[in-house]
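None of the figures in this text is laboratory data; all of them are computed from the coordinates on show. From a predicted model like this one, the values you see are computed outputs, not experimental measurements. When we count neighbours, we look across all protein chains shown, and the Cβ atoms used for this are built from the backbone with ideal geometry, even at glycine.
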Amino acid sequence: MGKQLRWGIFGTGHVSSEFVDSGLSYANLEEHKFYGVAARKLEDAKSFAEKHGIEKAFNSYEDLAGDPNIDIVYVGTVTSTHFRLGKIALESGKHVLMESRFCGSVSETKELLELAKQKNLFIMSSAWMRFLPSWEELRRELKSNLIGDVKQVLLTFGFDLTHPELNRIKEKRGESHLDIGITCVEFAGFVFNGEKPIKVVSTGHLNSDGDDDSTSTTLLYEGGRTATFLTHNLVKLPNDAFVIGTKGQITIHDFWCSTKITTSEGTTELPLPETTTTFPRGMNGLFFQCKEVYRCIQSGLIESPVMSHAEILIHAQIHESMRKQIGIRSPHNDQ
């Protein structure tokens with residue numbers, strides 16, 4: 001039995017709430033413990049701590065990061081703050097789990113990864129879908145060569161985000177490619193083992209804020225392999241993923257929170273843990289990534305082989321290319 005991992009939470013929005021409620025609710029309490037939370041306003045941190053049973057609310061991010069009782073920080077704030085808050089955590093000697101998307105630009109991503117390496121600290125993007133049983137089953141099927149050589153990945157990911165209950169503020173809503181397109185890039189990288197595409201081709205429709213409400217992107221890989229995905233903020237798309245090889249096809253149903261995978265041999269059901277609380281679909285699968293974080297840190301690793309530093313950087317480069325081609329007016333675009 002390794003040492004208990006004591007968590008600090010940066011941010012008190014819905015993303016942090018989902019992580020606390022569903023990410024660690026089903027984790028082994030001998031391995032994980034919530035200790036502290038910090039926000040821009042102390043009253044928000046106190047309210048969050050009381051609601052989620054967290055021991056301590058901090059007056060600032062710096063105070064939380066400086067507490068010796070905390071081992072790792074989960075950064076659940078908006079993307080524009082990730083670089084600054086990630087640096088605060090790392091420079092205070094804390095491991096980091098960073099909510100997707102990792103940072104605002106390629107240069108920020110490089111600097112944060114290098115800092116973690118210098119400090120010999122674990123850091124990972126919160127790619128929780130990669131640790132779901134359905135994605136693990138997909139990995140096994142691909143290794144078995146059931147469908148031969150993979151030549152094409154097809155997927156769509158879209159929801160109607162115009163509902164009045166949903167926040168349409170630019171910084172919080174996010175662009176289509178940034179808010180939900182991240183998961184599509186992660187899926188392609190998962191299938192193609194973190195390989196960097198040789199070309200990125202992307203286009204989309206911009207709204208009045210200069211953000212993209214829909215995108216169409218193709219990633220070209222060596223050997224005639226392609227991944228194509230659509231994202232949308234205005235309509236719900238089928239949200240299934242298809243992995244097509246020279247000998248067959250694998251379908252991942254509702255790929256982002258999948259509990260079902262279909263091959264030529266039939267359909268396999270891979271349910272997520274039963275919950276006593278109603279979470280958004282799939283969110284009760286968040287704890288699988290917490291198990292991986294614990295395993296890596298106990299093993300002395302500073303990166304997960306399932307979501308390596310190299311692949312985190314590749315994803316940043318893909319998103320940078322997408323933004324420039326679509327014409328998004330982002331303050332994070334690298335020059």
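Here the sum of -39500 (n - 2.57) over DSSP H runs of 4 or more residues, divided by the residues of the chain, equals -9000 deg cm²/dmol at 222 nm, to the nearest 500. With respect to the chain, whose longest principal axis is taken over its alpha-carbon atoms, helix 42-52 is tilted by about 70°. Tell me the angle of helix 106-119 to the major Cα principal axis of the chain, expressed in degrees between 0 and 90 and rounded to the nearest ten. Approximately 50 degrees, to the nearest 10. Packing, taken as the mean count of other beta carbons within 10 Å per residue, orders the peptides 130-138, 290-298, 142-150 from highest to lowest as 130-138, 290-298, 142-150. A Cβ-based charge dipole, computed about the Cα centre of the range 30-154 with Lys and Arg at +1 and Asp and Glu at -1, lands at about 340 debye.
When both bridge partners sit in the chain, DSSP labels roughly 55% of those beta bridges antiparallel. How large is the Kirkwood hydrodynamic radius of the range 5-128, in angstrom, based on all distinct alpha carbon pairs? When all Cα pairs of the range 5-128 are included, the Kirkwood radius is 14.2 Å.
Comparing the chain with the 2.2 N^0.38 Å rule of thumb, its C-alpha radius of gyration ratio is 0.97 (two decimals).
Taking the Cα centre of the chain as reference, the dipole from Cβ charges on Lys and Arg (+1) and Asp and Glu (-1) amounts to some 400 debye.
The long axis of helix 181-191 is offset from the longest Cα principal axis of the chain by roughly 70 degrees.
From the square roots a ≥ b ≥ c of the eigenvalues of the alpha-carbon gyration tensor of the range 180-243, which class results: rounded (a/c under 1.5), prolate (a/b over b/c), or oblate? Prolate.
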